[in-house]
Amino acid sequence: MNTVSLTLNQKQIDTLFETYRSKAVKTPAYAQYQLKLDGCTITAYDSKKVVFQGRDAEEMAALFEPKTLSQPPLQHAAELNDYPQAGSDEVGTGDYFGPVCVCAAYVDASHASLMQSLGIQDSKQLSDEQILKIAPKLMTEIPYSLLILDNYKYNQVHQTQNLNCIKAKLHNQAYLHLRNKLGQLPALSVIDQFTPEASYYRYLKNEREIVRGITFETKAENKYPAVACGSIIARFAFLKAMDTLSEHYSFKLPKGAGPATEEPIQQFYELHGEQGLMNAAKLHFKNTDKIKR
């Protein structure tokens, strides 16, 4: 059995849990949680030591191992003449309310000046106001494919598929749509890696069409302009969907899933009950158990 031990910070530990919360099992002594995935058991201890065990232990741990070299700047693709390129990213997976949005985008050298003028970078580094200004300009200039999985459908699908499986299928579908628009995908097509490559394709094994030849890279939104563009468009779609939900329920839905969201989530539940949560929230989050208790 392969075993890899890493020391992670609390934010990484929390993100790991949010990504695989549906795989949580009984917590061992002195641990924050334990997750049982296909091919890997992950145990996060109170000491912040995280142990990966199983067939895919090395692949899973590699997503969190510190890099010895500093990350290249976002403009590196232009410097290396890595155009044309396609990239995809997802938004909304860490938010209790709102859909999951995935966007695959295409850029080439002709878009370089546009991206530079807009200050394209990872959507997480931009304010909501910046996203709302930048995204519409991008969407009129570059080819992209956007998929929005609403909460009702998400909650149905999540009963039989974990979050990474759902994301893999959305990314694959987004790339299929983008390929249809372009005729063919560029040689460099990147996914901001959320699971090891082998696991990604395992999730897709029963799909009718699978896009292969993808480059999987962590923090890709900081390295590849196409991924950054996909991230921005996906974030824009998420923000607009949150506005629509808030208007529908006459309730300002909070973003995220942390302690600051607990009170508004409780208020929303008291106003709109189970059906409201089914239509607006991701029910497998721990927040649901908290409000019902």
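Couple of notes before you dig in:
- Computed from the C-alpha gyration tensor, the three semi-axes of the ellipsoid equivalent to the range 78-186 are 27, 18, 11 Å, from longest to shortest.
- Evaluating kT/(6 pi eta Rh) at 20 °C and 1.002 mPa s, with the Kirkwood radius of the range 187-293 over Cα pairs in the Stokes-Einstein relation, gives 128 µm² s⁻¹.
- Set of the range 3-31 residues, backbone N closer than 16 Å to the point 7 Å along the Cα-Cβ line of residue 46: 27-31
- Simple rule: put +1 on each Lys or Arg Cβ and -1 on each Asp or Glu Cβ in the range 243-293, find the dipole, and look at 269, 253, 283; the Cα lying farthest toward the positive end is 283.
- Ranking 158, 146, 172 by Cα position along the charge dipole of the range 124-183, where only Lys, Arg, Asp and Glu carry charges on their C-beta atoms, puts 172 farthest toward the positive end.
- Within the accessible surface of the range 113-257, defined with a 1.4 Å probe on protein heavy atoms only, the carbon and sulfur portion equals 46 percent.
- Expressed as a fraction of 2.2 N^0.38 Å, the C-alpha radius of gyration for the range 205-247 is 1.61.
- Given +1 at the Cβ of Lys and Arg, -1 at the Cβ of Asp and Glu and no other charges, the dipole of the chain around its Cα centre is 600 debye to the nearest 20.
- Rolling a 1.4 Å probe across the protein heavy atoms gives the chain an accessible surface of 49 Å² per residue.
- Mean residue ellipticity, 222 nm, helices only, the chain: the sum of -39500 (n - 2.57) across DSSP H runs of n ≥ 4, divided by residue count and rounded to 500, is -13500 deg cm²/dmol.
- Accessible surface of residue 212 - all protein chains present, 1.4 Å probe, nearest 10 Å²: 150 Å²
- Highest GNM mean-square fluctuation among 89, 46, 192, for the chain modelled with Cα contacts below 10 Å: 46.
- Extension gain, residue 279-residue 180: 0.36 nm per intervening residue step, less the Cα-Cα distance, totals 32.5 nm.
- Taking GluC sites (Glu not before Pro) across the range 156-217, the ones in a DSSP loop with at most 13 further Cβ atoms lying within 10 angstrom of their Cβ are 209.
- Read-out Kirkwood radius over Cα pairs in Å, derived from the coordinates shown; its label in [x] 20.7; [y] 21.6; [z] 20.0: [z]
The values are calculated or read from the model by the stated rules, or taken from the named source; none is laboratory data. No experiment lies behind these values; they were computed from the predicted model shown. Every residue, glycine as well, gets a Cβ built from its backbone with ideal geometry; the counts of neighbours run over all protein chains shown. Protein only, heavy atoms only, side chains kept; ligands, DNA and RNA dropped before computing areas. Shrake-Rupley method; radii C 1.70, N 1.55, O 1.52, S 1.80 Å.
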